[in-house]
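The values are calculated or read from the model by the stated rules, or taken from the named source; none is laboratory data. Bear in mind that the values here come from a model prediction, so they are computed numbers and not experimental data. Don't worry about glycine lacking a Cβ; one is built from the backbone with ideal geometry, like all the others, and counts go over all protein chains shown.
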Amino acid sequence: MIVIQVIVEGLLLGGVYALFSSGLTLIWGMMNFVNFAHGEFVMLGMFAAFLTMTWVAGGPVLFTIVAAASLFVLGVVVYFALIRYVLDGPIIGQILSTFGLALFLRYAAFFVFSANFVTLPDTYLSGTENVLGIYVSIPKLVGGVVGVLLTIGLHLLLTRTAVGSRILAVAENRDAAMLMGIRPDRMQALAWGLSAALTGVAGAMIAMYYPISYGVGESLALIAFVVVSLGGFGSVPGALLAGILIGVIESLSAYYFGPAFKDVVVYALFVAILWVRPQGLLGTA
Amino acid sequence: MKRGWLLLAVILLGAPLVVQGPFYQRMITLVLLSAISASAWNLVGGYALQISIGHAVFFGIGAYTPLVFYQHWGYVPLAGIPVGLLISCAVAVVIGTPTFRLQGHYFAMATIAVAELVRIVVTNWKFVGGAVGQMGPAVPRTVWDLTFRSSLPYYYIYLGVLAVLLGLTYWISRGRMGYYLRAIGADERAARSLGVPVRRYKLYAFMLSAAFTSLAGSLYALMVGFIDPTSAFGILISVEMVITAALGGAGTLLGPLLGAVILVPLQNMTNSLFGGGGTGLTYILYGGIILVLARFEPGGLLEIWQRWQTRRANRAEAAEVARAA
Amino acid sequence: MLLDAKGVSKSFQGFMAVHEADLRVEQGEIVGLIGPNGAGKSTFFNCLTGDLTPTEGQVLFDGHDVTRGTPEAHALRGMGRTFQVPATFQDLTVLENVMVGAFLRHANRHHAREEAERVVEFTGLAAHAHRPARRLGTPGRKRLEIARVLATRPRLMLLDEALAGLTPTEVHQAIELVREIHRSGVTLVIVEHIMEVILSLAHRVVVFNQGELIASGKPEVVVNDPQVIEAYLGKRKTSASV
């Protein structure tokens with residue numbers, strides 16, 4: 001049945017959405033800061049995968065690691081060079097800082113790669129598999145599963161490890177955490193690195209089945225915003241749930257309304273969420 | 001101070017007479033248009049401190065309505081302007097009402113989401129021209145079509161609108177609304193404790209901002225005679241408004257004008273200098289400017305100027321005290 | 001009765017911060033609200049001012065039910081408050097800060113300004129009228145907060161540790177100011193840790209501990225109540241608190 005196919009694709013896409021949104025919600029919940037360059041982080045992850053394949057002929061495992069590592073570094077650098085300074089300032093500075101960063105990264109990518117779309121060459125993951133009568137694209141399957149697993153992994157990291165509890169402590173009360181010997185600066189930088197790394201992995205996954213270009217960040221960022229708003233401010237489980245949900249909704253919208261309007265449905269849903277339930281599914285009012 | 005205003009008025013009124021040639025006349029006209037858009041953004045982004053990064057939606061609505069009115073029903077484009085204003089205000093209410101009770105990030109996100117939403121819808125809507133866009137009168141039927149070959153009439157129309165907008169902004173800033181907006185921007189919780197109806201005033205500022213941005217879009221469409229989804233609703237239109245206001249000084253009266261005076265010629269220059277890859281570099285530059293502003297001086301150039309002035313005054317004061325001693 | 005809070009409870013995700021607290025304030029009274037840290041004073045206070053909505057209970061102001069009212073609505077009705085950490089508008093001048101308050105009752109710019117000037121004079125801030133609020137020290141900003149609220153013509157003012165962190169001299173000056181405000185017809189509810197303030201200003205004191213009201217009465221009596229002493233009354237010193 002075609003609809004089942006569409007829904008399955010949506011679930012898998014949603015897994016990736018959950019992954020890159022989880023990083024965004026972590027930062028937001030922790031520092032009350034929204035990274036408007038988040039879409040560009042995904043885009044850079046995609047390009048990192050592409051470059052790894054074209055320069056070093058690396059496979060999916062390698063390019064995912066490269067994407068994760070390079071984005072981790074970027075996240076930490078961005079924190080220390082920029083975010084740290086605008087956190088305590090006026091909100092206009094906060095919003096403009098990552099907005100400016102987004103522009104900068106987007107057009108830097110344009111400058112280097114121009115407006116052409118590039119795609120990843122085939123890997124051993126390419127192709128489709130027939131699972132119980134449904135044709136599932138293997139890259140999408142891998143992407144979705146990796147996405148869900150890593151999102152759950154993030155949640156476990158935050159709630160079950162010492163490092164995670166330190167991050168959460170800073171998120172809850174920076175001053176109290178300091179008094180307990182935790183260094184907020186370090187934890188925040190770590191959170192940024194982690195968030196960016198996960199986003200890089202998401203980008204690497206997406207790169208396997210979507211064309212890559214400098215401008216893809218724009219709509220991906222908006223999807224991330226919708227997901228974190230639907231999921232609930234600061235909630236990683238929320239991002240998981242909402243990501244998958246949005247993936248399915250987008251997939252169904254593309255099927256029923258055509259690919260041009262799939263984003264429209266998601267954006268309209270966003271406005272509706274703001275009107276009706278801004279705290280999202282798992283957030284508190 | 002009064003002399004400063006007089007000087008400014010003289011410069012603005014006389015500029016087209018001094019500047020020669022259609023290219024430069026067009027450029028100064030675009031400076032004014034940019035100043036109008038940025039000053040309109042400033043109302044909500046600078047005074048009320050609600051950062052909108054999707055303001056292009058209002059610009060686009062304002063740009064499309066006059067041309068659609070002309071294209072489909074033969075009206076003078078002017079007739080479409082009030083409709084554009086109304087639609088923009090309605091959109092502002094839809095965006096602002098739910099988000100103004102939440103933290104500022106929601107508002108910012110909602111503005112780009114709606115801008116993108118509208119852009120996609122318009123791109124796929126045959127009635128308004130789809131991806132191809134809408135055109136205005138190629139040849140004016142009467143003077144009321146406001147289709148002129150030279151930039152000069154547009155320059156003076158824009159100047160008039162800018163003067164009205166700045167006058168209105170000034171008048172508002174001195175009255176209750178201005179104080180309330182500044183209070184909201186400074187400390188929302190404290191403002192509420194003093195009885196300030198925060199949501200309502202944010203909405204007023206936003207609607208006013210939307211209306212004038214819509215007007216700016218209409219003025220643009222009148223002059224250029226053509227609009228398409230990207231030049232109407234694109235993110236770069238939103239970016240330009242924000243950076244123009246922020247560079248000059250968000251929350252100040254003349255900051256946006258200053259920003260326009262600097263950025264429009266600058267953009268022209270980088271576009272011609274870097275040829276094909278030009279657009280990329282311009283926006284890398286814009287991104288960099290916004291970054292630097294956000295990091296070091298969110299108050300923009302006028303803030304730097306203010307601080308320099310205060311330091312000079314303090315030094316003069318100290319010198320006087322030293323002399324008297 | 002100006003303020004009548006009945007059975008006010010407030011819980012946060014299962015944790016009950018305030019449990020069935022009552023407070024009655026007659027017009028013209030100065031009521032002190034004391035208790036150890038974490039006792040629920042601030043939460044209860046915020047339930048009265050509209051910054052928090054009680055989970056249960058009712059707050060009546062001058063007969064009107066304001067339980068679910070917003071802070072703005074409270075201010076309009078004549079209930080004003082200050083904040084524990086001064087929340088002045090840093091980049092506005094002292095006069096402009098007070099004008100924001102005055103605009104509640106005067107839509108016209110000139111009337112608001114006149115009112116603000118009057119209040120600035122009354123609260124002894126005239127010398128700093130045109131200085132930006134951020135350049136005042138903490139005592140000045142606390143005074144400014146009071147002036148700002150005063151400009152909204154409140155009938156009831158709730159002060160949240162308005163005298164904390166002041167030197168002994170400043171405390172005396174502040175006490176005088178509060179007396180003046182009281183004389184001008186404003187009813188007051190004061191949250192304080194400094195006993196000197198409570199003893200010299202309050203007609204009546206209520207004591208909070210672990211979310212509940214444990215004593216109420218004249219200051220001298222309450223202070224010697226063994227239950228209250230046991231609940232850790234806080235600093236008895238008259239010097240500036242830590």
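Would you be able to say whether some residue in region B:162-174 is of a type outside the set (Gly, Ala, Ser) and more than 30 Å from C:Ala133 (Cβ to Cβ)? Yes, region B:162-174 has at least one match. When C:Thr43 is tested against (1) farther than 26 Å from C:Val228 by Cα; (2) in a helix (DSSP H, G or I), just one condition goes unmet, and that condition is (1).
Selection over region B:45-86 of residues that are within 14 Å of chain A (Cβ to nearest Cβ) and either out of contact with any helix residue (DSSP H, G or I) (no Cβ under 8 Å at 6 or more places or on another chain) or on the phi < 0 side of the Ramachandran plot (or both) gives a count of 12.
Any residue that is more than 23 Å from the chain's Cα centre (by Cα), part of a helix (DSSP H, G or I) and among the hydroxyl-bearing types (Ser, Thr, Tyr) - is there at least one of those in region A:127-147? The answer is no, given that none of the residues of region A:127-147 is more than 23 Å from the chain's Cα centre (by Cα), part of a helix (DSSP H, G or I) and among the hydroxyl-bearing types (Ser, Thr, Tyr). The residues on offer are C:Glu176, C:Glu170, C:Glu180, C:Glu145, and the sole one that is away from chain B (no Cβ under 14 Å), under 24 Å from B:Gly195 (Cβ atoms) and in a helix (DSSP H, G or I) is C:Glu180. Under the condition of being closer than 18 Å to B:Phe233 by Cα and more than 7 Å from chain A (Cβ to nearest Cβ), the residues counted in region B:95-128 number 12.
Considering region B:151-168, and only residues there that are in a helix (DSSP H, G or I) and of a type in the set (Ser, Thr, Tyr), the residue that is surrounded by the fewest Cβ atoms within 10 Å (Cβ to Cβ) turns out to be B:Tyr156. On the phi < 0 side of the Ramachandran plot and away from every other protein chain (no Cβ under 14 Å): does that describe B:Val143? Spelling it out, B:Val143 is indeed on the phi < 0 side of the Ramachandran plot and away from every other protein chain (no Cβ under 14 Å). Suppose the filter is buried (at least 20 other Cβ atoms within 10 Å of the Cβ) and not in a loop (DSSP other than H, G, I, E, B); does B:Ala79 pass it? Here the answer is no, as B:Ala79 does not meet what is asked. Only one entry in A:Ser126, A:Ser195 is polar (S, T, N, Q), in contact with a strand residue (DSSP E or B) (Cβ under 9 Å, 6 or more places away or on another chain) and more than 13 Å from chain B (Cβ to nearest Cβ), namely A:Ser126.
Report the residue count in region A:190-217 for those that are part of a helix (DSSP H, G or I) and in contact with a Lys or Arg (Cβ under 8 Å, 6 or more places away or on another chain). Residues in region A:190-217 being part of a helix (DSSP H, G or I) and in contact with a Lys or Arg (Cβ under 8 Å, 6 or more places away or on another chain): 1 in total.
Within region B:171-216, the set of residues being surrounded by 24 or more Cβ atoms within 10 Å (Cβ to Cβ), under 23 Å from the mean Cα position of the chain (by Cα) and hydroxyl-bearing (Ser, Thr, Tyr) comprises B:Tyr179, B:Tyr180, B:Ser209, B:Thr213, B:Ser214. Looking across region B:123-150, the residues that are outside any loop (DSSP other than H, G, I, E, B) and under 13 Å from B:Val76 (Cβ atoms) come down to B:Val143, B:Trp144, B:Asp145. Filtering region C:76-109 to residues that are of a type in the set (Val, Ile, Thr), part of a helix (DSSP H, G or I) and facing chain B (nearest Cβ under 8 Å) leaves only C:Val100.
Inclusion of A:Val266 among residues that are within 14 Å of another protein chain (Cβ to nearest Cβ), over 20 Å from the mean Cα position of the chain (by Cα) and either buried (at least 21 other Cβ atoms within 10 Å of the Cβ) or under 22 Å from B:Thr111 (Cβ atoms) (or both) is not warranted. Taking the listed residues A:Thr151, A:Thr159, the one that is modelled with pLDDT of 85 or more and surrounded by fewer than 18 Cβ atoms within 10 Å (Cβ to Cβ) is A:Thr159, with no other qualifying. Here A:Val118 meets the list (1) of a type outside the set (Phe, Trp, Tyr); (2) within 20 Å of A:Leu24 (Cβ to Cβ); (3) modelled with pLDDT of 85 or more almost entirely, failing just condition (2). Scanning for something within 14 Å of chain B (Cβ to nearest Cβ), charged (D, E, K, R), over 20 Å from the mean Cα position of the chain (by Cα) and exposed (fewer than 12 other Cβ atoms within 10 Å of the Cβ), does region A:88-111 turn up at least one residue? There is at least one residue in region A:88-111 that is within 14 Å of chain B (Cβ to nearest Cβ), charged (D, E, K, R), over 20 Å from the mean Cα position of the chain (by Cα) and exposed (fewer than 12 other Cβ atoms within 10 Å of the Cβ).
Checked against (1) assigned to a helix (DSSP H, G or I); (2) more than 28 Å from C:Gln27 (Cβ to Cβ); (3) within 11 Å of chain B (Cβ to nearest Cβ); (4) of a type outside the set (D, E, K, R), C:Pro139 meets all criteria but (3). Scanning region A:19-54 for residues that are small (Gly, Ala, Ser) and within 19 Å of A:Ala207 (Cα to Cα), we see that the one that is farthest from the other protein chains (Cβ to nearest Cβ) is A:Ala49.
Is there a residue in region B:55-76 that is without any contact (Cβ under 8 Å) to a residue 60 or more places away in the chain, surrounded by fewer than 18 Cβ atoms within 10 Å (Cβ to Cβ) and closer than 25 Å to B:Ser151 by Cβ? Looking through region B:55-76, at least one residue is without any contact (Cβ under 8 Å) to a residue 60 or more places away in the chain, surrounded by fewer than 18 Cβ atoms within 10 Å (Cβ to Cβ) and closer than 25 Å to B:Ser151 by Cβ. Considering only region C:94-106, I want to know if a residue exists there that is in contact (Cβ under 8 Å) with a residue 24 or more places away in the chain and among the aromatic types (Phe, Trp, Tyr). Taking every residue of region C:94-106 in turn, none turns out to be in contact (Cβ under 8 Å) with a residue 24 or more places away in the chain and among the aromatic types (Phe, Trp, Tyr). For region C:44-92, filtering for residues that are surrounded by 19 or more Cβ atoms within 10 Å (Cβ to Cβ), free of Cβ contacts under 8 Å to residues at least 40 places away in the same chain and under 20 Å from C:Gly14 (Cα atoms) leaves 1.
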